[in-house]
Every structure is written in C-alpha cells, then in structure tokens.
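Take a look at the structure below.
The values are calculated or read from the model by the stated rules, or taken from the named source; none is laboratory data. None of these values were measured; they are calculated from a predicted model. Reconstructed Cβ throughout: ideal geometry from the backbone, glycine too, with neighbour counts over all protein chains shown. Accessible surface areas use protein heavy atoms only, side chains included; no ligands, DNA or RNA. Shrake-Rupley method; radii C 1.70, N 1.55, O 1.52, S 1.80 Å.
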Amino acid sequence: MWAGTAAEPGNLGPVSEATNADNSEPTSGNAAKGRSAKKSLAVNLGIYTFARLALVIVIAAVIFGSGLTFGVKVPVLVAAIFAVLISLPLSLLLFKQMRIRVNESIAAVDEDRRTARADLQSKLRGEDGKK
C-alpha cells in the first residue's frame with residue numbers, strides 16, 4: 001500500500017520512499033558537520049562577545065581611573081557610555097581576526113542550512129537519489 005509495506009491496524013507505515021522514517025541512519029551526512037559548524041559558531045561568537053565586553057570594561061575603568069587621578073569625579077554611567085562609543089571602532093581594529101572567524105562560521109552554518117534545505121526539498125519531490 002505505502003512504499004511496498006502492508007498496512008496493519010495501528011501501523012500506517014512510511015508516507016513515501018523519500019522519507020527516512022523506517023531507516024535508523026541519518027538522512028544526510030551533514031548532521032555531524034552541521035552540529036560542528038554550529039558549535040564552532042557558538043564558540044567563536046562567545047569569544048568575540050567576551051573580548052568586546054572586556055574591552056568596554058577596560059576602557060570604562062581607564063576613563064573612571066583617569067578621572068580619579070586628576071581629581072575629577074566621573075560618573076560610572078558616563079564612563080560606560082564613552083567606553084562603548086570608544087570601543088566600537090577600536091574593536092573593529094583590534095579583533096579583526098576574531099570577527100573574520102565569526103563571519104566564516106556564519107557562512108558555514110548558512111551553507112549547511114542551504115544544503116539541508118535542498119536535500120529536504122529534493123526528497124519531498126521524490127528525487128532522493130535512490131533508483
């Protein structure tokens with residue numbers, strides 16, 4: 001009835017041969033690669049975010065500390081705002097390699113998604129490569 005299997009009460013069987021419901025192996029070899037790319041993206045993005053936040057904290061501390069050195073009381077909020085404004089262009093220069101790694105990781109995740117989507121669409125059309 002469905003893809004060569006007999007229908008029994010309570011057992012509908014697979015909808016078509018394009019589905020992988022009756023097989024235990026993953027539908028594509030990209031499953032491990034996709035997790036690896038996502039993990040790499042998470043790690044690289046975490047490192048880059050931590051580095052940028054650390055830069056903001058260091059610059060805010062320098063602003064606040066230099067104010068105390070010269071006898072000027074600088075509010076913490078003002079120091080934080082100026083630290084963010086200063087760290088934006090500075091982080092582009094200082095953390096260029098980290099930013100490039102994050103961009104490469106994003107591209108890898110996007111490619112994995114594109115491949116998985118194309119694979120799914122071909123399976124839905126019945127073009128799963130099995131003859």
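Key figures
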| item | result |
| --- | --- |
| Considering residues of segment 92-124 that are of a type in the set (K, R) and closer than 18 Å to G46 by Cα only, the residue least open to solvent (accessible area, probe 1.4 Å) | R99 |
| Selection within segment 33-80 - in a helix (DSSP H, G or I) and open to solvent by 90 Å² or more (accessible area, probe 1.4 Å) | K33, R35, K38, K39, F50, L53, I57, V62, L68, T69, V76, L77 |
| Residue list for segment 82-91, filter: open to solvent by less than 90 Å² (accessible area, probe 1.4 Å) and not small (G, A, S) | V84, I86, L88, P89, L90 |
| Segment 70-94: number of residues that are at positive phi and either touching a Lys or Arg at 6+ places or on another chain (Cβ under 7 Å) or of a type in the set (D, E, K, R) (or both) | 0 |
